[in-house]
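Quick note: the coordinates plus some simple rules give every number you see, no bench work behind them. Keep in mind that what you see is a predicted model, and the values were worked out from it rather than measured. In this analysis, Cβ positions are derived from the backbone assuming ideal geometry, glycine residues included, and neighbour counts consider all displayed protein chains.
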Amino acid sequence: MAHTVDEETPLLHAQQQKRRRTPLPWRQFTIILFLQLAEPLTSQLISPFAPQLIRDIGITNGDETKVGFYVGLLHSLFFATQALTVLHWSRLSDHIGRKPVLLTGLFGLSLSMYCFGLSKTFVGLVLSRALNGALNGNVGVMKSMMVEITDETNLAQAYAYMPIAWSSGGTLGPLIGGFLSRPADRFPNVFGNAAFWREYPYFLACAVPATFTAIAWIVTYLFLKETLPNSVSVRQLIKSKLDHWNSSKKGLDSEPTETFASNENDENKPLPLRALLIPRVLIAAGNYAALSTIEIAFRGVQPLFYATPIELGGLGLDPPQIGNILAVYGILNGLFQVFFFADLHDRFGSKAIFTVAVSSGIPFILTCPLINALGRTYGLNWAVWSVVGVQIICNMLLNLGYACIFIYIAAASPNRGSLGATNGIAQMWVSIMRSIGPASATSMFSLSMKTPAHAWFVYYFLLVIVSIGIGASLFLPRKPWKNQ
């Protein structure tokens with residue numbers, strides 16, 4: 001019997017085929033998620049104890065209003081040095097492969113955290129954070145690997161799992177930092193008799209993520225598979241660049257050797273940097289930078305706001321309480337994104353979710369003065385904790401924007417061979433803005449504390465940042481770009 005086909009049949013069939021997702025390659029996918037724990041674990045670790053650390057080393061000479069400035073400077077240093085190197089690491093990964101760059105970054109993270117825990121001066125802290133950022137180009141490389149092991153049917157699902165790593169690291173980092181800092185004071189029966197823990201009160205907290213990162217290095221070396229199809233050795237790359245330089249010096253007509261496999265096609269060939277500076281790459285990178293500026297400014301101000309005495313405009317919490325709040329947020333954020341993001345993305349699309357995410361920064365800002373007003377009037381009662389809960393919800397909505405913008409960045413790459421460089425450009429701009437965001441936001445917070453007439457300056461500043469982010473989102477297309 002002949003199969004009857006009407007005008008609806010192929011359309012329905014196409015829609016069904018389009019909705020069928022390719023299963024994720026769980027073995028390699030899980031390893032990448034495991035590796036992503038390292039950076040949020042190390043970066044967020046210092047949040048609960050950073051204000052007390054600055055007080056302990058005496059750089060402020062007892063001036064409480066200067067604490068915020070130096071805390072923001074510590075947060076910014078990592079991203080400032082990362083901004084100088086991340087594009088080079090990402091472009092290098094397009095040639096020598098993702099795995100060697102990941103191993104270098106993990107080594108830098110581990111070494112720098114051990115150094116940070118042993119630092120007793122502000123200069124030592126600065127050098128440790130700078131080393132951390134300069135050797136770490138992992139973020140963009142891991143995003144490139146995520147795209148290379150997935151396809152367009154399961155990419156959104158894969159990005160929905162990324163917050164598990166970031167939220168788990170963001171949860172465990174503050175918990176470890178708040179729980180294990182100053183162990184001789186917190187656990188005198190265990191650590192009180194050892195002079196080392198009194199001389200280096202923050203080493204134990206720093207050693208935990210440093211050791212984890214060392215374990216992650218071993219896992220990467222033994223089990224992670226290279227995803228770049230035409231990688232070459234560092235020796236081959238250097239030889240090729242020297243040959244091209246010598247040819248150019250002699251005036252010979254020679255093109256730079258971008259790849260070395262004779263049978264590769266243009267889709268897998270890394271493009272020159274100038275070929276990547278096209279509108280869609282710049283739009284995607286600009287929105288990523290705007291979202292990250294909002295988020296990192298909030299992350300800088302939020303623990304500082306919680307740690308500042310109520311009479312100076314904060315909430316007056318101690319490091320363990322701050323760590324608990326950030327941990328609750330991390331757990332809820334990870335669960336929410338894993339269980340809801342993919343379905344929300346399928347229903348509303350990338351742009352709608354991204355716009356809502358950026359706009360959620362406005363209610364977050366407004367809750368800060370409300371929390372302080374309630375704390376001044378009623379103390380730490382249920383009303384204060386309820387508004388803190390609203391802040392957590394706003395943060396969860398804000399983080400929905402990351403998975404969306406990652407999809408836009410992957411779609412913006414001119415070809416697969418330039419995926420690392422495209423992510424590197426985006427990450428470079430993000431690192432620049434993240435180096436500015438914490439220091440500027442926390443400095444504005446310190447100014448607001450120091451001068452009662454300027455008490456609202458920090459909130460005006462944050463509102464301007466959010467408004468810029470909302471404006472940038474208008475340039476995104478309704479659906480991500482597609483390569484022709």
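Just a few scattered comments:
- Between the Cα long axis of helix 382-412 and the first principal axis of the chain there is an angle of about 20°, rounded to the nearest 10.
- Violating pairs (Cα-Cα greater than 26 angstrom) within the set Lys99/Lys269; Lys225/Lys269; Lys351/Lys482; Lys143/Lys351; Lys143/Lys479; Lys99/Lys351: Lys99/Lys351
- Peptides 333-340, 85-92 ordered by average Cβ neighbours within 10 Å, highest first: 85-92, 333-340
- Per-peptide average of other Cβ atoms within 10 Å, ordering 113-123, 57-67, 435-445 highest first: 435-445, 113-123, 57-67
- Table column - 3J(HN,Hα) (Hz), the range 133-139, Karplus curve with 6.51, -1.76, 1.60, x for Gly and Pro: x, 5, 8, 10, x, 6, 4
- A crude spin-label estimate for the pair Asn61 and Asp185, with each label 7 Å from Cα along the Cβ direction, gives 2.3 nm.
- Calculated mean residue ellipticity at 222 nm for the chain: -24500 deg cm²/dmol, from DSSP H runs with n ≥ 4 weighted as -39500 (n - 2.57), summed, divided by the residue count and rounded to 500.
- Total charge dipole magnitude, the chain, about the Cα centre, Cβ charges on Lys, Arg, Asp, Glu only, Debye to nearest 20: 460
- Cα-based helix-to-principal-axis angle, 155-180 vs the chain, degrees rounded to 10: 20
- Pair Thr451, Phe223: separation of 7 Å Cα→Cβ label points (nm): 5.5
- The spacing between the range 121-166 and the range 279-328, judged by their C-alpha centroids, is 19 Å.
- On Cα atoms only, tilt of 26-36 relative to the major axis of the chain in degrees: 40
- Alpha-carbon centroid distance for the pair the range 53-104 / the range 428-453, whole angstrom: 15
- Per-peptide average of other Cβ atoms within 10 Å, ordering 469-482, 194-207 highest first: 194-207, 469-482
- FRET E, pair Ile278, Arg27, Förster distance 35 Å, beta-carbon r, rounded to 0.05: 0.50
- Estimated FRET transfer efficiency (Lys120, Leu312; beta-carbon r; R0 22 Å; 0.05): 0.20
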